[in-house]
1. Just the number: Rg to Rh for the stretch 11-142, Cα atoms, Kirkwood Rh, two decimals.
2. Taking the mean number of other Cβ atoms within 10 Å as a proxy for protection, how do you rank 17-29, 115-127 from highest to lowest?
3. Hey, rough spin-label estimate for S99 and H72, points 7 angstrom out along Cα→Cβ, what's it come to in nanometres?
4. Let me see the pair-distance distribution of the stretch 21-78: every alpha carbon pair, 10 Å bin width, integer percents in order.
5. Nearest 20 debye, what's the magnitude of the dipole of the chain about its Cα centre given +1 on Lys and Arg Cβ and -1 on Asp and Glu Cβ?
6. Give me the percent of the accessible area of the stretch 64-103 that comes from carbon and sulfur atoms, probe 1.4 Å, all protein chains in place.
7. Kirkwood Rh and Cα-based Rg: tell me the resulting Rg over Rh for the stretch 62-132, rounded to two decimals.
8. To the nearest 500 deg cm²/dmol, what mean residue ellipticity at 222 nm is calculated for the chain from DSSP H runs of n ≥ 4 alone, each contributing -39,500 (n - 2.57), summed and divided by the residues?
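The values are calculated or read from the model by the stated rules, or taken from the named source; none is laboratory data. Here the structure is a predicted model, which means the values were calculated and not measured. Don't worry about glycine lacking a Cβ; one is built from the backbone with ideal geometry, like all the others, and counts go over all protein chains shown. The area values use the complete protein model at the heavy-atom level, side chains included, leaving out ligands, DNA and RNA. Shrake-Rupley method; radii C 1.70, N 1.55, O 1.52, S 1.80 Å.
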Amino acid sequence: MLLAGRYTLLDQSGLDELLPAAAERGVSIVLGGVFNSGALAEPRRDSAYDYAAVSQEILVRALRMQVVCENHGISLRAAALHFPFGHPAVHSVLIGSRSADEVHDALRHARTGVPEVVWDQLRTLGLLPDHVPVPGGERVTL
């Protein structure tokens with residue numbers, strides 16, 4: 001089943017009902033929109049979020065997440081790609097690419113491990129709720 005944009009670093013609303021139901025029934029989820037229309041790919045004032053202009057609140061949250069990631073030597077894009085795999089129902093992610101360079105960039109970030117301290121710090125700073133499952137420090141299998 002495809003779930004688009006509802007289980008990301010910025011929006012975990014898919015965790016309320018769909019993801020637990022899928023896990024209970026053995027249904028694999030393919031997650032689309034892991035960059036939330038660009039807000040998690042490159043957060044800036046002209047970024048999009050849910051296919052509209054990013055709000056100041058979302059932008060500030062994404063920028064704070066980016067700082068945490070960069071302080072630990074990874075990109076926000078890497079964290080955004082890895083995050084969904086913390087839930088057992090998530091089998092794969094889809095990304096939107098406009099060029100071959102963006103595909104190569106996504107592959108590079110998917111192959112980058114995300115240290116567990118990143119998830120811990122995002123939680124400590126209130127940027128990620130405590131109850132949201134996160135992946136370990138392993139790399140995404142491509």
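1. On the way: Rg = 14.2 Å, Rh = 15.2 Å.
With Rh from the inverse mean 1/r over Cα pairs, Rg/Rh is 0.94.
2. Values: 17-29: 14.1, 115-127: 15.8.
Sorting 17-29, 115-127 by mean packing, highest first, produces 115-127, 17-29.
3. Between S99 and H72, the simple spin-label model gives 3.0 nm.
4. Final binned percentages: 24, 39, 23, 14, 0.
5. Details: 12 positive and 16 negative charges, 45 e Å.
It comes to approximately 220 debye.
6. Working: 970 of 1980 Å².
Here carbon and sulfur together make up 49 percent of the probe-accessible area.
7. On the way: Rg = 12.6 Å, Rh = 12.9 Å.
Expressed as Rg/Rh, it is 0.98.
8. Numbers: 5 runs with 51 residues, N = 142.
Value at 222 nm, helices only, nearest 500: -10500 deg cm²/dmol.
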